Amino acid sequence: MRSVRWNPDGPVVEMIDQRLLPGEFKVISFSTHEQVADAITQMVIRGAPAIGAAAAYGLALAAMNSSANETPHLIDELSAAASTLREARPTASNLNWALERLLRKANSLLSTKPDEIRNLMLQEAQRLADEDVEINKKMGIFGATLLPQSSRVIHHCNTGSLATVDYGTALGVIRTAHESGKTIHVLVDETRPRLQGARLTAWELDQYGIPFEIITDNAAGSFLATGNIDAVLVGADRVAANGDVANKIGTYMLALAAKDNDVPFYSIVPTSTIDLDAASGADIPIEERDPSEVLDLMKAGRPIAPSDSRARNPAFDITPYRLITAIVTEVGILRPPFENSLREAIEKAQSK
Ligand code: MRU
């Protein structure tokens, strides 16, 4: 099933609880936008495109739940709900992008009756979610051309069906290559501290029948130095105008090791992840999460450090554009200089 979907009985937004995988597959329902915002913060759902779609459905819920009889009043309530959803996580561009898309729609409907706006908000959220799947498949086709017929790749975090509405970004490229008959072997970075690689990417690859081995994040450099790795594939939470990429913590070290060993490093992103208002990575807000995620892995109640230890837990880092070989989007493969190719990609996407 999709990572997030609308269920008209309720109505509710349903999400796979990604905190429980791979041990338990459980779907949770949310009936208010505040609950959806909390689910994003708590990482019931995670991954930039997935939280964008979840926020869009959250805003549709806010529209359904509003008792406003007048359109301006409804739009004010939607703006307030969007602020709550926007604050759920700071780094992913897609969250704000999705909310702005729905708010733009609402603001274009000032002469429309509130009930009609409620329906149109839901329709727009559904459209956004459906488009996300199509976009991933297009990126998969472009990205798969970059991989040799027989490839060994390193993948960081989880960028698959779970991180998107369905299919995936970097994992989508791996899936397309596999589905088109290429022989792909994936070294899966475990991705400390929340283990999105070991828990979620491995769970997905297992279902797709794609061979993989899990490695510790610390082992990636050593594997890259062997000369047996054809590419490093990652997603991104936000791409700045100069091509700097914010992605899961550890991506920067991976890119450094790839560069030192002449291994191509690809970031696969929908254009909704590109933020031309951020001139460089320095303008991208980096989420710092609770130290308990570092001190007590998966908050399992089994601390791995002395009880009075302090920890730092930045959830993302910035990979400078100079370490990135290409950025794959739904409108094509972008090469340096990224300040030109990113701008052209946005224009191309908007003209479709
Ligand atoms: O903290 P997370 O699990 O939400 O981080 C997710 C990532 O870093 C992904 O690589 C990114 O969102 C791109 S996935 C489509």
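The values are calculated or read from the model by the stated rules, or taken from the named source; none is laboratory data. Quick caveat, the model's predicted, so the values are computed rather than measured. Note: ideal-geometry Cβ built from the backbone for every residue, glycine included; neighbour counts use all protein chains shown. The accessibility values were calculated without ligands, DNA or RNA, using every heavy atom of the protein model including side chains. Shrake-Rupley method; radii C 1.70, N 1.55, O 1.52, S 1.80 Å.
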Mean separation of Cα contacts under 8 Å (6+ apart) over length of the chain, as relative contact order %: 15 percent
Gain on full stretching of the segment that runs from GLU213 to SER351 - 0.36 nm per residue minus C-alpha separation: 45.6 nm
Cα-derived Rg to Rh of the stretch 174-228, Kirkwood definition: 1.00
Value of Rg/Rh across the stretch 32-160 [Cα atoms, Kirkwood radius]: 1.08
Top positive-direction residue, dipole computed over the chain with Cβ charges, set ILE304, VAL12, TYR266: TYR266
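Determine the order of LYS259, LYS182 by accessible area, beginning with the largest, at a probe radius of 1.4 Å.
Working: LYS259 110, LYS182 40 Å².
So, going from the largest accessible area down, we get LYS259, LYS182.
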Restraint check, LYS26/LYS299; LYS105/LYS352; LYS105/LYS348; LYS259/LYS348; LYS137/LYS299, Cα-Cα greater than 26 Å: LYS259/LYS348; LYS137/LYS299
The stretch 215-281 and the stretch 30-45: distance between their alpha carbon centers, rounded to Å: 28 Å
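For the full complex of protein chains and a 1.4 angstrom probe, list HIS156, HIS185 by accessible area with the highest value first. Working shown, then result.
On the way: HIS156 5, HIS185 40 Å².
Accessible-area ranking of HIS156, HIS185, largest first: HIS185, HIS156.
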The stretch 169-274 - Rg (one decimal) and Dmax (whole number), Cα, Å: 13.5, 37
Counted charge near VAL234, where neighbours are those whose Cβ lies closer than 12 Å (Asp, Glu -1; Lys, Arg +1): -2
Neighbourhood charge, 14 Å Cβ-Cβ cut-off, centred on SER292 and excluding it, Lys, Arg +1 and Asp, Glu -1: +3
Cα-based equivalent ellipsoid of the chain: semi-axis lengths in Å, sorted from largest, via gyration tensor: 33, 23, 19
Long-range amide H partners of ARG289 with built H, under 5 Å: ASN313, ALA315
Ellipticity estimate at 222 nm from DSSP helix runs (n ≥ 4, -39,500 (n - 2.57)) divided over the chain, nearest 500: -12500 deg cm²/dmol
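Mean Kyte-Doolittle of at least 0.5 plus a Cα span of 24 Å or more along the axis: flag which DSSP H helices in the chain meet both, please.
Qualifying helices: 48-65.
Out of all Cα-Cα pairs in the stretch 1-101, roughly what percent, to the nearest whole number, are more than 15 Å apart? Kindly include the intermediate steps, with their values, before the conclusion.
Details: 2903 of 5050 pairs.
In whole percent, the share of Cα-Cα pairs in the stretch 1-101 beyond 15 Å is 57.
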Estimated translational D of the stretch 116-196 in µm²/s (Stokes, Kirkwood radius over Cα pairs; 10 °C; 1.306 mPa s): 115 µm²/s
Solvent-accessible surface (1.4 angstrom probe) belonging to PHE316, in square angstrom, nearest 10: 10 Å²
